[in-house]
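Encoded as structure tokens, the structure appears first; notes follow it.
Every number here is computed from the coordinates shown, using simple stated rules; none is lab data. Everything numeric in this text was worked out from a predicted model, so none of it was measured. Positions of Cβ are backbone-derived with ideal geometry, glycine not excepted, and every protein chain shown enters the neighbour counts.
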Amino acid sequence: MLLPTNEKQFGFWKMRRSGSSNITIANLLGISRQAVSKALLVMDEKIESILRDMANANQIAIEKINAERGILLGRSIPFHTPAIIFVSDKHGMQVWYEHDGDCGTCQRYIECIELLWDYATELGIRIEKTADPTKMADELFMKVKALV
């Protein structure tokens, strides 16, 4: 199942994840609170299903899921390391394995920094500026784990 980013309910889900209440979403969009609640229930089910599918595809044993935040915590079976799967509005579904990277020599250095900053911003999490994506990831995901 693909992440339904073009669906209206996904917009409601993003608004709620950013801290908007159901009544605020309803008032902003001129619809009933019940319509927002129903749409969010459907979207939470879709998000959880997609997170579970991604965990299965990546051989990650699930420990915790928070569909409202779009976060799955688990452990990679083949890599024997903690893993996190998350929904990013800008970057889609992402799988991140806890590791000590050699970021200075990695071709994806800039991509990693952008992904981490974008995701922290989406969740409203402040992280310290550093040139080391591994340190950024450690700080961000420690804070993300507290949300789950």
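Calculate for the chain the 222 nm mean residue ellipticity that helices alone would give, adding -39,500 (n - 2.57) per DSSP H run of length 4 or more and normalising by residue count, nearest 500 deg cm²/dmol. Walk me through the intermediate numbers first.
Details: 5 runs with 73 residues, N = 148.
That comes out to -16000 deg cm²/dmol.
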key: Alpha-carbon spread of the chain, three principal axes, descending order, Å   = 51, 32, 25
key: residue 90 versus residue 2: modelled label distance in nm, points set 7 Å from Cα along the beta carbon direction   = 2.2
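Provide the gained length on full extension for the span residue 24 to residue 109, in nm with one decimal, where the gain is 0.36 nm per separating residue minus the Cα-Cα distance.
On the way: separation 85, 0.36 × 85 = 30.60 nm, distance 3.84 nm.
Length gained, residue 24 through residue 109: 26.8 nm.
For the chain, what is the relative contact order in percent, using Cα pairs closer than 8 Å and at least 6 residues apart in sequence? Please list the in-between numbers first.
On the way: 177 pairs, mean separation 23.9, N = 148.
For the chain, the relative contact order is 16 percent.
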key: Gained length - residue 58 relative to residue 32, 0.36 nm times residue gap less alpha-carbon distance   = 5.5 nm
Quarter of Cα convex hull surface for region 21-67, i.e. mean projection, nm² = 3.7
note = Taking alpha-carbon centroids only, region 87-108 lies from region 5-60 a number of Å equal to 24
remark   = Taking r as the C-beta separation of residue 126 and residue 98 and R0 as 25 Å, the FRET efficiency to the nearest 0.05 is 0.75
message = What lysines does residue 143 reach when the alpha-carbon gap must be under 28 Å and sequence neighbours fewer than 8 apart in one chain are set aside?
response = 14, 46, 64, 90, 129, 135
